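The values are calculated or read from the model by the stated rules, or taken from the named source; none is laboratory data. These numbers come from a predicted model, not from an experiment. Reconstructed Cβ throughout: ideal geometry from the backbone, glycine too, with neighbour counts over all protein chains shown. These accessible areas exclude ligands, DNA and RNA; they are computed on the full protein's heavy atoms, side chains included. Shrake-Rupley method; radii C 1.70, N 1.55, O 1.52, S 1.80 Å.
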Amino acid sequence: MCLRSGSRATRAVVPITTVPHKAPALPEGPWLFAPGEPPRPPRAPSGPPRAVLFDRDGTLVEDVPYNGDPALVRLMPHAREALAAVRAHGAAVGVVSNQSGVARGLLTRGQVEAVRRRVEELLGPFGVWAVCPHGPGDGCGCRKPAPGLVLAACARLGVMPEETVVIGDIGADLDAARAAGARGVLVPTPVTRSEEAGAAPERAADLLAAVRLALGHRASGPDRLPPENRLPAESSLPPGEDRPSGGGGAA
């Protein structure tokens, strides 16, 4: 049994370190964590894109349900190499992440920031983090698959959505990219639904392959995926509570 947490399907067990509390009043838009000024790449990008935005849970780091503990942060395979490749290209980097644990009273802003700091300790600084703290029923415009996180991150970095690539592991990541006018690349994991993988215009076997594809280094397609990343016709995962109807998911 899997549930959506963060921005993908996750195991139904909430970490024992998570203690529910009363969620504070939330802003209408996303939380933005960024330096005082948008970072300037050391040189102009050698070609498109000008920015690459990454989903957090299940894409950059392993998905831990409603994680507010920096000690539980573990990188996904090839994360360091993928970020190094984007930075070497000269593009800006950012994170776009649903964190409904805030609205559910399972996470505080301080915990979200603590995890962010740990990710940056492992992967280096990002130009912007755009985080949606809302729940699936809050009707916000930032929660993926809505475009708000992507648009906010692009605005903060000073790039146009059409100059941007979004990399994630579920349909909601690509839906948010499409709605914002950005390009989306899917990196399937065991929680990715077969219909999400089938509908993805571009997908890659792992994060480094996704970055290379985003930077124009290799072609995509199902034949590029190893057997373990080729999903069956029917996913064995039941719908999670946070997966919107009609495909795509978010937490």
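Taking the options Ala177, Ala200, Ala251, name whichever one is touching a Lys or Arg at 6+ places or on another chain (Cβ under 7 Å), at pLDDT 95 or above and under 20 Å from Asp57 (Cα atoms).
Ala177
Screening the range 215-226 for residues that are of a type in the set (A, V, I, L, M, F, W, C) and surrounded by 15 or more Cβ atoms within 10 Å (Cβ to Cβ) and picking the one that is modelled with the lowest pLDDT gives Leu225.
Residues in the range 111-152 that are open to solvent by 30 Å² or more (accessible area, probe 1.4 Å), closer than 22 Å to Leu186 by Cβ and among the aliphatic types (A, V, I, L, M): Leu151 only.
If the condition is being within 16 Å of the chain's Cα centre (by Cα), acidic (Asp, Glu) and open to solvent by 10 Å² or more (accessible area, probe 1.4 Å), then the range 153-208 contributes Asp175, Glu196, Glu202, Asp206.
The residues in the range 66-88 that are open to solvent by less than 60 Å² (accessible area, probe 1.4 Å) and either aliphatic (A, V, I, L, M) or in contact with a Pro (Cβ under 6 Å, 6 or more places away or on another chain) (or both) can be counted, and the count is 9. Taking the conditions exactly as written (of a type outside the set (Lys, Arg) and within 16 Å of the chain's Cα centre (by Cα)), does Ala114 satisfy them or not? For Ala114, the condition - of a type outside the set (Lys, Arg) and within 16 Å of the chain's Cα centre (by Cα) - is not met.
Every residue, every condition in (1) assigned to a loop (DSSP other than H, G, I, E, B); (2) modelled with pLDDT of 95 or more, yes or no:
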| site | (1), (2) |
| --- | --- |
| Ala114 | no, yes |
| Glu121 | no, yes |
| Pro125 | yes, yes |
| Trp129 | no, yes |
| Cys140 | yes, yes |
| Ala172 | no, yes |
| Pro188 | yes, yes |
| Leu213 | no, yes |
| Glu228 | no, no |
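Within the range 83-101, the residues that satisfy the criterion of being within 20 Å of Lys144 (Cβ to Cβ) and not β-branched (Val, Ile, Thr) are Ala92, Gly94, Ser97, Asn98, Gln99, Ser100, Gly101. Of the residues examined, Val159 is not one that is touching a strand residue (DSSP E or B) at 6+ places or on another chain (Cβ under 7 Å), assigned to a helix (DSSP H, G or I) and of a type in the set (A, V, I, L, M, F, W, C).
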